[in-house]
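Engineer: Please read through the structure below; I'll follow up with questions.
Values in this text are rule-based calculations from the coordinates and carry no lab data. Predicted model, so just to flag it, every value in this text is computed and none were measured. For neighbour counting, all protein chains shown are included, and Cβ atoms are generated from backbone atoms with ideal geometry for every residue, glycine included.
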Amino acid sequence: KYARGHVIVLGGPAMCGAARLAASGARRAGAGLVSIAATGGSGDIYRAAASPGVIVADADPPEALLADARLDPWVCGPGLSAEDVRAWLPALLAAGRRVVADAGVFAAYAGAPDALRGAAVLTPHAGEFARVFGKPARDHLSAARAAAARTGAVAVLKGADTVIAAPDGRAAINANAPPWLATAGAGDVLSGIVAGLLGQGMAAWEAACAAVWLHGEAAALAGPGLIAEDITP
């Protein structure tokens, strides 16, 4: 087993930047190896655009990569189509992989929260959360706790006061996030940071809390005018 984990980021052909940002987050968080598993024949796109330290593998069919138990954890969702998510997420969960679910996962399983049972960490913003669990009330803490209890995953409800909730009722509210963190791609980076920490042996609750804090701290250090790439320079 790789001492610092081998994180796999699923990447689709339509929004390649999202998977690349997640991969960058995982690398900066300390993952030993990071691969992008390219779906839909998009491997050549990622090979041309990926950073030199990122491995690119062809993802189809899922069984080929899932045969290697060392490839874990996985980031599923950034830039992925609903079709890709529905092909991959059930296979990952059935194989017992630790999954950080983001972005496309919540579009693919709108109104179907039970489909997310078995994921390690969910990282929706309020709009994505609403698609799956219904619009959160003003009390985001209770909403995140309910989502965590229902799915068995650590729920990270992103926002100005991001809530991290565990299935056992533990919860934390992050106050370390500047307003300029609300920029396209920042959430993709966060999903990668969570996976990078999971890969190093952190439990899901600790990895999610640490990732949210580090994400905010990096943004604060970057300053106003931040773009997602600045979080992992």
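Engineer: Between A184 and D168, how many nm apart are label points set 7 Å from Cα along the C-beta direction?
Structural biologist: According to this spin-label approximation, the distance is 4.1 nm.
Engineer: Another one. How many times 2.2 N^0.38 Å is the alpha carbon radius of gyration of the chain?
Structural biologist: Scaled against compact globular proteins, the figure is 0.91.
Engineer: What does the net charge come to around G152 if you take all other residues with beta carbon closer than 14 Å to its beta carbon, with K and R at +1 and D and E at -1?
Structural biologist: +3
Engineer: Around V9, which amide H atoms from residues at least 5 apart in sequence, or from another chain, sit under 5 Å from its own amide H, with H modelled in the peptide plane?
Structural biologist: For V9, the qualifying residues are S35, I36, A37, V75.
Engineer: Karplus couplings for segment 223-233 from phi (6.51 cos²θ - 1.76 cosθ + 1.60, θ = phi - 60°), rounded to Hz, Gly and Pro as x?
Structural biologist: x, x, x, 4, 10, 4, 5, 6, 5, 10, x
Engineer: Hey, if you drop one equal point scatterer on each alpha-carbon of segment 1-105 and run the Debye formula without solvent, what base-10 log of I(q)/I(0) do you get at q = 0.11, 0.20, 0.21, 0.22 Å⁻¹?
Structural biologist: So the normalised log intensities work out to -0.26, -0.95, -1.06, -1.18.
Engineer: Using the Cα centre of the chain as the reference point, and only Cβ charges (+1 on K/R, -1 on D/E), how large is the resulting charge dipole? Debye, rounded to the nearest 20.
Structural biologist: Using Cβ point charges on Lys, Arg, Asp and Glu, the chain gives about 400 debye.
Engineer: If packing is taken as the mean number of other Cβ atoms within 10 Å per residue, what is the order of 135-142, 36-43, 75-82, highest first?
Structural biologist: 75-82, 36-43, 135-142
Engineer: Based on DSSP H runs of at least 4 residues, each adding -39500 (n - 2.57), what is the mean residue ellipticity at 222 nm of the chain after dividing by all its residues, to the nearest 500 deg cm²/dmol?
Structural biologist: After summing the helix terms and dividing by residue count, I get -12500 deg cm²/dmol.
Engineer: What three numbers, in Å, describe the spread of the alpha carbons of segment 27-158 along their principal axes, ordered from the longest?
Structural biologist: For segment 27-158, the Cα spread along each principal axis is 44, 28, 24 Å.
Engineer: Share of antiparallel DSSP beta bridges in the chain, in percent to the nearest 5?
Structural biologist: In the chain, DSSP labels about 25 percent of beta bridges as antiparallel.
Engineer: Within segment 23-43, which residues have the backbone N less than 13 Å from the label spot 7 Å out from L221 along Cα→beta-carbon, could you tell me?
Structural biologist: Residues 28-30 fall inside that zone.
Engineer: With a point put 7 Å past each Cα toward its Cβ, work out how far A210 is from D161 in nm, to one decimal.
Structural biologist: Going from the A210 label point to the D161 one covers 2.7 nm.
Engineer: Normalising by the residue count of the chain, find the relative contact order in percent from Cα pairs under 8 Å and 6+ residues apart.
Structural biologist: Relative contact order here is 21 percent.
Engineer: Something else about it: How much length is gained if the chain between A126 and N176 is pulled fully straight, taking 0.36 nm per residue apart and subtracting their Cα-Cα distance, in nm to one decimal?
Structural biologist: 16.2 nm
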